[in-house]
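Written below as structure tokens is the structure these notes are about.
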Number of protein chains: 2
Amino acid sequence: MDLLLTGSRTPLADLTTPALVVERTLLEANLEKMAAVLPGTRLRPHVKAFKTTALARRMAELGHTGFTCATVREVEGMAAAGLGADLLLANEVLDCRRLGAVVDAGARVTVAVDSQLTVDAAGAGGVGEVVVDVNVGLPRCGVEPEQAGALADYARTKGLAVRGVMGYEGHLMLIEDPADKARQVEESMVKLLKASADVGGDLVSAGGTGTFDVNTWAGEIQAGSYCLMDTTYAKAGAPFAQALTLLATVISANPGGWFVADLGLKALGMDHGNPSIEGAAVWYCADEHTVFSADGAHFSVGDRIRVSPAHVDPTVALHERLHVVDGDVVVETWDVDLRGW
Amino acid sequence: MDLLLTGSRTPLADLTTPALVVERTLLEANLEKMAAVLPGTRLRPHVKAFKTTALARRMAELGHTGFTCATVREVEGMAAAGLGADLLLANEVLDCRRLGAVVDAGARVTVAVDSQLTVDAAGAGGVGEVVVDVNVGLPRCGVEPEQAGALADYARTKGLAVRGVMGYEGHLMLIEDPADKARQVEESMVKLLKASADVGGDLVSAGGTGTFDVNTWAGEIQAGSYCLMDTTYAKAGAPFAQALTLLATVISANPGGWFVADLGLKALGMDHGNPSIEGAAVWYCADEHTVFSADGAHFSVGDRIRVSPAHVDPTVALHERLHVVDGDVVVETWDVDLRGW
């Protein structure tokens, strides 16, 4: 599917603001750059970053046929879209009945476990395949590495297939010095490989956009943010283009020197800080407003501006649609169809 | 409509987590307390805080028949729900065509203006009524008070009806000392009343949950958060109960002393800080996880817990449904049907 050949060709100027906008050529360049480094199933794209099956389908066309999900809804939506060949829910779930229904409908679903209760839940829900989630240094989910083998044994006694291990070195994604990052990723992955030796199975799944090129220990990388990108990953040196921006309208100008755009923190993931506007200094975001002053650029009421979010994942999750643009034309509009729970 | 008489009676335990949960009795108490202080049209409830027409309908039944909106979508949704008797869009809009369509369909829509361009947009879009938005001290939208009269004159020359003024003293909502708050609100409202004298019209619209009881200068108060509440308003002394919580599941426990719940910053408005969990210390929120340690309470994997958000408005906007509960039973499930743009 060529993005140019499908969908309508609405003028960008006709979009209601705020609107999620993706530059087609930058998105394609990001997808191709990643596929060159991590071809085929070396990448298991994480759909949590974009929550859009149309974009996942483009990745599958490039050869990435296995996907990572963070929620049950994402698993359901990917399977319903015909992208359920190999879905890894990289998260612990205590009620797996909806996942079991997806398996019954013909998709392959593997769920992360880090306790006997999550193993029991997988079995009770009808999910036959698990990976052991291992704590590789980020204080979140995951068994301690030395406990991984015992949990795998427990799962097997319960009749589950154990496909291997996963671990997310999320605390290392934004290290700027490449040598320091490589050293710390190695330390983290040594833990995962130790667990893998005890657990068995083929899968060693880890990583993200921040470590895709230095994590050479994992068999597959769970990156998602690379395709749309955000200013935080850009500052940390991730070699991908900022394909995603928000289109907004300047709705107010004050003689005191500030301007107001019609998007606020209900349209922006704020956990990595304020968004960026070229030629402007952002003062703050309120629910429906971003207040900024000019810093090199000229702004007037009615101007359409582009706003770059600091964190892509929660930003996309706030929007119903993602508009793919080429110059001043919307060439496709994708439903952000994996939102919710 | 009595909340007990409609909807299903699902056990709370059957809800998928994370889920927005509202305690029926606390919600009713909040609604009644506010209606006692600000009866009828003295309150113009702000739907941005809850984005749910079913809840707005309950307010209309209590006598609050005019509503405040922050987005065009909110205006459209309220009108479609039959709640369009008097909708004030308390925000500047440069493309008013969709608002004009709502007017054509029979609703009453008034839009805020703070520039000639926004006046022109109202006229071009077919919105015949405006209020002049006045800067009362919060650096955001609004003309300077001394410019309000001239803008009203301009609007009238363009054939628009000017209903009055509005101004949001948002910078004063969280002042804890009542005397200090009252003094600063008065200073702020003196500006609005000066503008009102120049502008004319009946409406003097201002305020919010943080100033509903001290802002005795405005003719109507635009409060919304009071009905569901959040921990920030609670800390600031707003006399309403925390009716809204998030139901979550503990999905992981680590021997290092931390627990993980299955809701993160994609389920929580984070701009006022971390959420609260009774008997726990919250460490941080990631996209799909909240990590915490026990601080008085006992937690185990599989436990259902309640999480109190720090900011209600952006939290509700992240969810599709709002479950009204009475004890362990879901007595109604409301669509959060005013989301998006």
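What follows draws every value from the coordinates through simple rules; no lab data is involved. Predicted model, so just to flag it, every value in this text is computed and none were measured. Note that we place each Cβ from the backbone using ideal geometry, even for glycine, and neighbour counts take in every protein chain shown.
What to note about this one:
- Partner chain coverage, peptide A:241-251 - average Cβ within 10 angstrom: 2
- Span from the the stretch B:52-87 Cα centroid across to the the stretch A:179-246 one, whole angstrom: 47 Å
- Most mobile listed residue (A:LEU263, A:LEU15, A:LEU88) in chain A, GNM with C-alpha springs under 10 Å: A:LEU15
- Each DSSP beta bridge with both residues in the protein assembly as shown is either parallel or antiparallel, and the antiparallel ones are about 50%.
- Charge sum, other residues only, whose C-beta stays under 15 Å from A:ARG163's C-beta, Lys/Arg counted +1 and Asp/Glu -1: -4
- Taking every DSSP bridge with both residues inside chain B, close to 50 percent are antiparallel.
- Of A:THR118, A:THR52, A:THR209, the one that fluctuates the most in a GNM where chain A has Cα springs shorter than 10 Å: A:THR118
- In this Cβ point-charge picture (+1 for Lys and Arg, -1 for Asp and Glu), the stretch A:1-140 has a dipole of about 240 debye about its Cα centre.
- Set of the stretch B:308-341 residues, backbone N closer than 19 Å to the point 7 Å along the Cα-Cβ line of B:THR10: B:316-339
- Within 10 Å of each Cβ in B:308-321, the average number of Cβ atoms from other chains: 3
- Shielding by other protein chains, B:265-275, mean Cβ within 10 Å: 4
- Calculated FRET efficiency, B:THR25 to B:THR216, Cβ-Cβ distance, R0 = 25 Å: about 0.25 to the nearest 0.05.
- Mean residue ellipticity (222 nm) of the protein assembly as shown, computed from DSSP H runs ≥ 4 via -39,500 (n - 2.57), nearest 500: -8000 deg cm²/dmol
- Whole-Hz couplings from phi, Karplus 6.51/-1.76/1.60, listed for the stretch B:272-277; x for Gly and Pro: 9, x, 5, x, 10, 10
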